[in-house]
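Encoded as structure tokens, the structure appears first; notes follow it.
The values are calculated or read from the model by the stated rules, or taken from the named source; none is laboratory data. Not measured: the values here are computed from a predicted model. Please note: Cβ atoms are built from the backbone with ideal geometry, for glycine as well, and neighbour counts cover all protein chains shown. Side chains are part of the model used for accessible areas, which takes the heavy atoms of the whole protein and leaves out ligands, DNA and RNA. Shrake-Rupley method; radii C 1.70, N 1.55, O 1.52, S 1.80 Å.
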Amino acid sequence: MAKLYKKDILNFITHLTPRRVWNALLLVSSYFLSKYLKRPIQWGYPMTLSFEPTTACNLRCPECPSGLRSFSRTTGNLKEDFFRKTIDQVSKKLIYLIFYFQGEPYINPKFLQMVKYANKKGLYTITSTNGHFLDKKNCVATVESRLDRIIISIDGTTQETYEQYRIGGNLSQVIEGAKRMVATKREMKSVLPHIVFQFLVVKPNEHQIKEIYSLANNIGVDEVKLKTAQIYDYKEGHSLIPTIEKYSRYKKQSDGTYALKYSLVDHCWKLWHACVITWNGIVVPCCFDKDAKHRLGDVNNNDFVDIWKGEAFNAFRAKVLKGRKEIDICQNCSEGCKVWA
């Protein structure tokens, strides 16, 4: 598995160009300067973009707006027109493209065609799926699209455990889909996509962490990633919070309530190198703005490059530098706290 992981790293490196590396250096430099001066400075363009293929999903996971059907925004599929228009503007400096925000990507019938287009632009491409749509046709189309990395969410090694979070899901179907993807790669003599089992560690499945590595190895999956779970109502405790503190974003306090393990810092690397574009073209700061409340622009009406360095985006960066505790989507975020804190 470690050898296969190295292959993915080498594949990623092949997507780098002098222009992309220089842009990344500009982003890092302007980020640190912004931290020091306490005002937003943005010299580069994103090296990461997340596009949302769809908000639709077949499952009903309890801590997911798609699963809860709790969006105030409408449900729909990403269209190729403004996807291509946006990619054309930034592809020479962009390094990798994430085809995921909310929803199940394979529900969008044009999803893999957009992956193909990104691949032609020399971009490293990633998607995250719940694994229920990996039939033979989709596996062949995925390999043909040259998708670089596919993350398959598999949060349990038995159906009883798995369905406690992946409500409405069928573990056998996910495992068979993963086996099919491994077999299709071999049949088509392809090293792509790099297949990852993502295990969202919650209390019901934390006893199966060792088993997920064994399952992945038996199937031929390339990598296993353990992920901590975001819990919306965590302060009074929750049945999904792991008892193994290492895998929890929250820590029990002396009064019995829970708080984030990491203290909030007034900066966030994500806002300097990445952002998210919803299925209908709304630009939002990051993946924590699941309901697209903080709208920084619309690629249907403006060029993305103008939005990236525009007034609304810089105002949000300034707000983060002033105090993340005042921003709702930052209050339950652990990711921004750990990067160059």
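General remarks:
- Residue within region 306-313 that is touching a residue at least 60 places away in the same chain (Cβ under 8 Å), open to solvent by less than 50 Å² (accessible area, probe 1.4 Å), more than 19 Å from SER34 (Cβ to Cβ) and aromatic (Phe, Trp, Tyr) present: no
- Criterion: crowded, with 21+ Cβ neighbours inside 10 Å, touching a His at 6+ places or on another chain (Cβ under 9 Å) and either on the phi < 0 side of the Ramachandran plot or touching a residue at least 40 places away in the same chain (Cβ under 8 Å) (or both) - qualifying residue of LEU123, LEU134: LEU123
- Count of region 195-221 residues which are open to solvent by less than 10 Å² (accessible area, probe 1.4 Å) and either without any contact (Cβ under 8 Å) to a residue 12 or more places away in the chain or under 30 Å from ARG146 (Cβ atoms) (or both): 7
- In region 10-30, the residues that are part of a helix (DSSP H, G or I) and of a type in the set (S, T, N, Q): ASN11, THR14, ASN23, SER29, SER30
- Meets criteria (open to solvent by 30 Å² or more (accessible area, probe 1.4 Å), closer than 17 Å to GLY131 by Cα and not β-branched (Val, Ile, Thr)) for GLY177: no
For (1) closer than 14 Å to ILE277 by Cβ; (2) open to solvent by 10 Å² or more (accessible area, probe 1.4 Å), each residue gets a yes or a no:
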{"residue": "LYS38", "(1), (2)": "no, yes"}
{"residue": "ILE41", "(1), (2)": "no, yes"}
{"residue": "SER50", "(1), (2)": "yes, yes"}
{"residue": "CYS57", "(1), (2)": "no, yes"}
{"residue": "PHE82", "(1), (2)": "yes, yes"}
{"residue": "LEU97", "(1), (2)": "yes, no"}
{"residue": "ALA118", "(1), (2)": "yes, no"}
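- Taking region 222-341 and the strands (runs of 3 or more DSSP E) fully enclosed by it, the elements with 1 or more residues that are of a type in the set (Gly, Ala, Ser), in contact with a strand residue (DSSP E or B) (Cβ under 9 Å, 6 or more places away or on another chain) and closer than 30 Å to GLY156 by Cα are at 258-260.
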